1. Name the residue that is nearest to the chain's Cα centre (by Cα), counting only residues in region 101-128 that are surrounded by fewer than 16 Cβ atoms within 10 Å (Cβ to Cβ) and at pLDDT below 95.
2. Against the definition (touching a Gly at 6+ places or on another chain (Cβ under 7 Å) and at pLDDT 95 or above), how does V57 come out, yes or no?
3. Only one residue in N95, N62, N42, N69 is surrounded by 12 or more Cβ atoms within 10 Å (Cβ to Cβ), under 18 Å from D153 (Cβ atoms) and either more than 12 Å from the chain's Cα centre (by Cα) or modelled with pLDDT of 95 or more (or both). Which one?
4. Checking H77 against (1) surrounded by fewer than 18 Cβ atoms within 10 Å (Cβ to Cβ); (2) in contact (Cβ under 8 Å) with a residue 24 or more places away in the chain; (3) closer than 23 Å to K158 by Cα; (4) not acidic (D, E), only one condition comes out false. Which one?
5. Of these, A119, A85, which one is touching a residue at least 24 places away in the same chain (Cβ under 8 Å), closer than 14 Å to L169 by Cα and in contact with a Pro (Cβ under 7 Å, 6 or more places away or on another chain)?
6. Give the residue that is nearest to L60 (Cα to Cα), with candidates limited to residues of region 91-146 that are polar (S, T, N, Q) and in a strand (DSSP E or B).
7. May I ask you to list the residues in region 122-177 that are in contact (Cβ under 8 Å) with a residue 60 or more places away in the chain and basic (K, R)?
8. Going through region 23-62 one residue at a time, which ones are within 15 Å of I150 (Cβ to Cβ) and either in contact with a Phe, Trp or Tyr (Cβ under 7 Å, 6 or more places away or on another chain) or of a type in the set (S, T, N, Q) (or both)?
Amino acid sequence: MKNIIAAAAVATLLAGCQSGPRQSAAQEPLQATAALQPTKGNKAFGEVTFEQEGDKVHVLVNAQGLQPNQEHGFHIHEAGDCSSADGMSAKGHFNPAGKPHGNPASGEHHAGDLPALKADQDGRAKLDAMLDGVTLAPGPNSIVGRGLIIHADPDDYKTQPTGNSGSRLACGVIKAG
């Protein structure tokens with residue numbers, strides 16, 4: 001009887017070691033990054049990471065070369081194209097739902113409207129925020145493959161469709177990673 005129980009235990013263990021498709025207890029979260037490079041005549045640059053957390057996207061930004069002690073508009077743009085010297089190849093704000101430009105902290109806004117970057121006295125800015133209305137998963141609200149722009153001026157969150165944020169200081173493309 002002991003031999004039968006031992007054989008059954010060994011068979012169970014061996015069955016668990018067989019190769020084949022496995023279900024992981026927790027799937028890896030979707031992630032993406034963007035390397036912001038200066039547009040012509042500018043010196044702003046930075047690194048941005050995105051991670052899907054449920055129905056929101058967590059964004060972390062480290063930027064430098066900004067105007068000290070100033071806010072800068074920060075937006076996801078339609079096209080993941082930074083080929084033009086002025087960043088205009090990234091086109092307009094990412095707006096799959098056709099909403100008006102606005103403050104992402106309150107009310108209606110483009111999916112690409114992000115919190116402002118606030119530069120310190122050394123021209124460095126950090127941002128840690130949760131984004132609604134966008135995803136890293138495939139679909140119409142996916143930001144993967146989109147452009148990311150730091151603007152020269154603060155976003156007034158009113159002027160349509162851009163927020164009167166001024167020229168484009170840095171451009172990057174959001175890439176799955």
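1. Taking the candidates together, the pick is A105.
2. Taking the combined requirement at face value, the residue does not satisfy it.
3. Details: N95 fails: under 18 Å from D153 (Cβ atoms); N62 fails: under 18 Å from D153 (Cβ atoms); N69 fails: surrounded by 12 or more Cβ atoms within 10 Å (Cβ to Cβ).
None of the other options fit; the residue is N42.
4. H77 satisfies every listed condition except (1).
5. Of the residues listed, the single one that is touching a residue at least 24 places away in the same chain (Cβ under 8 Å), closer than 14 Å to L169 by Cα and in contact with a Pro (Cβ under 7 Å, 6 or more places away or on another chain) is A119.
6. Start the filter on region 91-146 by keeping residues that are polar (S, T, N, Q), which leaves 95, 103, 106, 121, 135, 141-142.
From the residues that got through so far, the ones that are in a strand (DSSP E or B) too are 135, 142.
On the way: T135: 15, S142: 17 Å.
The extreme case among them is T135.
7. R124, K126, R146, R168, K175
8. L36, Q37, P38, T39, N42, V59, N62
The values are calculated or read from the model by the stated rules, or taken from the named source; none is laboratory data. A quick note: this is a predicted structure, and the numbers were derived from the prediction, not measured. A quick note on method: Cβ atoms are made from the backbone with ideal geometry, for glycine too, and the neighbour counts reach across all protein chains shown.
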